[in-house]
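For reference, the structure discussed in these notes is given below.
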Amino acid sequence: MNIVLLKPEELCLPPGDERYEHITRILHMKEGDSFRAGIIGSDMGTATIMRLSSEGMELSFRAERDGSALYPLTLICAQVRPICMRRILREAVSLGVERIVLPVSDLGEKSYLNASLYRDKEYEKIILDGAAQAGMTGVSCVTLCRSAEEAIKTVTADELVLLDNAIGAVPLSGMEMKGKSVAIAVGPERGWSARERALFLDSGYKSALLGSRILRTETAAVAGVALALSRMGYV
């Protein structure tokens with residue numbers, strides 16, 4: 001946790017709260033001490049412990065600068081096992097992706113959308129963890145879709161890229177993306193179906209490669225995001 005993220009109205013943390021435990025047990029802080037903090041989706045700055053008791057930790061917050069900026073990159077990532085998707089979500093947010101779109105694919109497991117990750121909105125904590133890891137306040141927007149068609153309709157960008165080693169035409173590393181908004185689509189473990197590939201291509205997506213090796217979805221998603229951000233000139 002490289003920054004403690006707070007809601008706008010949240011200036012008192014109760015005992016048992018993960019952030020309370022981190023501040024007191026890991027950082028060993030007491031009344032009068034200060035630490036790096038931020039308001040989710042807004043300013044980052046310094047929080048100071050004004051009062052520490054059995055009832056909780058009362059804080060004051062001094063804003064220093066906006067920490068909410070994200071990169072104009074959308075990641076479309078087909079549903080995979082929730083344990084893998086947790087890692088994808090956390091890393092995508094920490095890398096600064098503006099939007100994450102999660103469709104169920106033709107060859108993927110349809111029951112994934114019923115997992116507690118989505119049903120109980122566990123993913124909200126995971127994306128906050130990703131922002132805290134990055135030391136920023138910006139949190140990616142997450143959209144759930146029931147099909148590739150639905151995902152395609154929700155996304156607009158200057159550069160649309162389908163990462164697929166079955167029909168990839170050019171290396172992603174050779175694409176020019178500076179000054180553009182970008183969307184990259186990563187398939188499930190079994191890949192996109194022929195029908196889905198045709199949908200993406202008919203919708204203006206360019207097929208591209210991450211190399212000749214077959215990668216797991218979580219590896220392809222992180223590598224694809226990092227390489228796209230490099231071609232966009234951000235990393």
Q | Odd one out for Lys178 among (1) touching a Gly at 6+ places or on another chain (Cβ under 7 Å); (2) more than 19 Å from Val97 (Cβ to Cβ) | A | (2)
Q: Taking the residues in the range 37-70 that are over 10 Å from Met136 (Cα atoms), of a type in the set (D, E, K, R) and touching a residue at least 24 places away in the same chain (Cβ under 8 Å) as candidates, determine which candidate is most open to solvent (accessible area, probe 1.4 Å).
A: Glu55
Q) Out of (1) more than 15 Å from the chain's Cα centre (by Cα); (2) crowded, with 21+ Cβ neighbours inside 10 Å; (3) of a type in the set (A, V, I, L, M), what's the single condition that is false for Ala92? A) (1)
Q: Would you please list the contacts, defined by Cβ atoms under 6 Å and residues six or more apart or on different chains, that run from a residue in the range 71-97 that is within 19 Å of Gly138 (Cβ to Cβ) to a residue that is among the aromatic types (Phe, Trp, Tyr) and open to solvent by less than 10 Å² (accessible area, probe 1.4 Å)?
A: none
Q: Please report, ordered by residue number, the strands (runs of 3 or more DSSP E) entirely within the range 1-116 with at least 1 residues that are of a type in the set (Asp, Glu) and farther than 28 Å from Ala223 by Cα.
A: 43-53, 56-66
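The values are calculated or read from the model by the stated rules, or taken from the named source; none is laboratory data. Just so it is clear, the model here is predicted, and its values are computed rather than measured. Cβ: placed from backbone, ideal geometry, glycine included. Neighbour counts: every protein chain shown. Side chains are part of the model used for accessible areas, which takes the heavy atoms of the whole protein and leaves out ligands, DNA and RNA. Shrake-Rupley method; radii C 1.70, N 1.55, O 1.52, S 1.80 Å.
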